[in-house]
Amino acid sequence: MSSSGITSRRHPALGFTLIELMITVAVVAILSAIAYPSYTEYIAKGRRAQARTQLLAAQQWMERFYSENYRYDENSAGTDVADLLADQPFSTAPAAGEGSAAYNIALSDVDETTYTLRATRTGGAHNDKCGDFQLEGTGRKSVANYDSTRYATAEAAAEACWR
């Protein structure tokens, strides 16, 4: 006992040992190696769903346009439909004001009686395995520029990606 009446005890050191720290780092690394690819695929699926939704909205708009003008390529005033489509809220996916664009929606192969809508990858989706989505006026769904190492044929890619 000391002169002040308080006993002096030795306190053990608090904290982690090096081995405990290394085990924690290893567990975090393993979880990250599994979780990060799953997370990025989850984000990609969401972007693809938005692109498909915007393409379907554009297709409905095109059919309304045809019912008003009796042709797909221009309106009765002679304005090109591609210019009119670019001003619509579904010209990007996600829609304007809902985040940065991952897909741009545009027309290709348009004439009086047919058209093809195309969702072209941009921004965060530029490396997406499904490529660019296409939707024809007849309702045929396809993909272009898909990852051919993951899908054997364009039909297999379209079936997997349009789900």
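Nothing in this text is a laboratory measurement; each read-out follows from the coordinates by a stated rule. If you're wondering where the values come from, they're calculated on a predicted model, not measured in any experiment. A quick note on method: Cβ atoms are made from the backbone with ideal geometry, for glycine too, and the neighbour counts reach across all protein chains shown.
When the convex hull of the C-alpha atoms of the chain is computed, what volume per residue in Å³ does it have?
Per residue, the Cα convex hull of the chain comes to 180 Å³.
Relative to the Cα centre, the charge distribution of region 39-163, modelled as +1 at Lys and Arg Cβ and -1 at Asp and Glu Cβ, gives a dipole magnitude of about 700 debye. Sorted into 5 angstrom bins from 0, the C-alpha pair distances of region 109-163 split as 4, 20, 28, 21, 15, 8, 3, 0 percent. The simple spin-label model puts a point 7 Å past each Cα toward its Cβ; for residue 113 and residue 60 those points are separated by 2.7 nm.
Axis angle, to the nearest 10 degrees, between helix 18-69 and the longest C-alpha principal axis of the chain: 20 degrees.
Neighbours of residue 45, meaning other residues whose beta-carbon lies under 12 angstrom from its beta-carbon, give a summed charge of +3 when Lys and Arg score +1 and Asp and Glu score -1. What you get for region 105-161, charging only the Cβ of Lys and Arg (+1) and of Asp and Glu (-1), is a dipole of about 260 debye around the Cα centre.
Working note: Karplus 6.51/-1.76/1.60 with θ = phi - 60° gives region 134-143 the couplings 10, 9, 8, x, 7, x, 5, 10, 8, 10 Hz, where Gly and Pro are set to x. Taking every alpha-carbon pair under 8 Å whose residues sit at least 6 apart, the chain reaches a relative contact order of 14 percent.
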